[in-house]
Amino acid sequence: MGMRTIKPTSNSRRNTVLPDFSELTGDRPEKTLLSDKRERAGRNNNGRVTTRHRGSGAKRQYRIIDFKRDHKRPGKVMTIEYDPNRNARISLIQYPDGEKRYMVAFEGIKVGQTVSAGEGVELVNGNSLFLNGIPVGTYIHNLEVSPGNGAKLVRSAGAIAQIMAQEGRYTLIRLPSGEVRRLLSTCRATIGQVGNIDHKHIKLGKAGRARHMGLRPEVRGAVMSPRDHPHGGGEGRNGAGMPHRKTKWGKAALGPRTRDNNRTDRLILRHRYQK
């Protein structure tokens, strides 16, 4: 993947860096793998806003991705495509029985190459294996948390994890955050790194491009009134007026940890916050 800059005819265009999409080979998605996607604008099933600053944006159709990689036979890479629902690219795989599936494209993928899944397959990028069949030190992505439930971790552009050790029925994995945790060795993972590694260099350049993505404007608490935010009020420009910053609802911000999933603490050997 390459990046392109825009001719600097304005301040916004001068600071814009976008992908050139040179790696894409398909411009039309597979119709049998499309699904309608309803825009919820950050609202839950009760219609209440649970995530602010979401809404509007271009309409999208969801691409059904094969995160389980449970097809028994090798498949051939037909196309590499853009997916508006994720920052990674996707590739269309066709199997000998005629079935087609999408998978997250890995770094170095080529049209025409073969990818496989299952026990005993070759240790090459794009192949999916059980963790107990992957050597220590191997880089992986598309990582399952529960066996057979499909990949939940390490799926975004450029993401990569590493096998650290094998301990009985568990495998030690170092995640992109730096966290080291145990996962059952019967979980699946895909060899290699997620593609589109230059995604982190994108600069949208202007507010309008963020609106196309469904992102609405954010307003600083310091410019609100006291009734709308703890940081609001005062004459002229004033700081938060308190020793520790707060959210709109008075909760501590900028630092306090919010993780409360104590159920899996026993599986974490090194937290992401440890130095």
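Please treat every number below as a calculation from the coordinates, not as lab data. Note that the coordinates shown come from a computational prediction; the quantities given were computed from them, not determined experimentally. Ideal geometry is used to build each Cβ from the backbone, glycine not excepted, and the neighbour counts take in all protein chains shown.
When the alpha carbon coordinates of the chain are projected onto the principal axes, the ranges are 69, 50, 39 Å, largest first. At a Förster distance of 45 Å, what's the computed FRET efficiency of ARG14 paired with ASP36, Cβ-Cβ distance as r, to 0.05? Efficiency, from the Cβ-Cβ distance: 0.70.
3J(HN,Hα) along the stretch 93-106: 10, 10, 9, x, 7, x, 5, 10, 9, 8, 9, 5, 6, 9 Hz, from the Karplus curve 6.51 cos²θ - 1.76 cosθ + 1.60 with θ = phi - 60°, whole Hz, x for Gly and Pro. The amide H of PHE106, built 1.01 Å from its N in the peptide plane, has GLY195 as neighbours under 5 Å, considering only residues 5 or more places off or on other chains. Taking amide H as placed 1.01 Å from N in the peptide plane, THR16 has its amide H under 5 Å from the amide H of ILE6, each at least 5 places away in sequence or on another chain. Computed 3J(HN,Hα) for the stretch 155-163, one whole-Hz value per residue from the Karplus formula 6.51 cos²θ - 1.76 cosθ + 1.60 where θ = phi - 60°, is 10, 8, 4, x, 6, 7, 10, 9, 6, glycine and proline marked x. Both radii are taken from the alpha-carbon atoms of the stretch 41-189; with Rh as the Kirkwood radius, Rg/Rh is 1.01.
Counting beta carbons within 10 Å around each of TYR273, TYR95 and listing the fewest first gives the order TYR273, TYR95. Amide H contacts for HIS53 (H built 1.01 Å from N in the peptide plane; partners 5 or more residues away or on another chain; cut-off under 5 Å): none found. Over the stretch 223-265, the reciprocal of the mean inverse Cα-Cα separation, the Kirkwood hydrodynamic radius, stands at 12.1 Å. Projecting label points 7 angstrom from Cα along Cα→Cβ for VAL49 and GLU119 puts them 5.3 nm apart.
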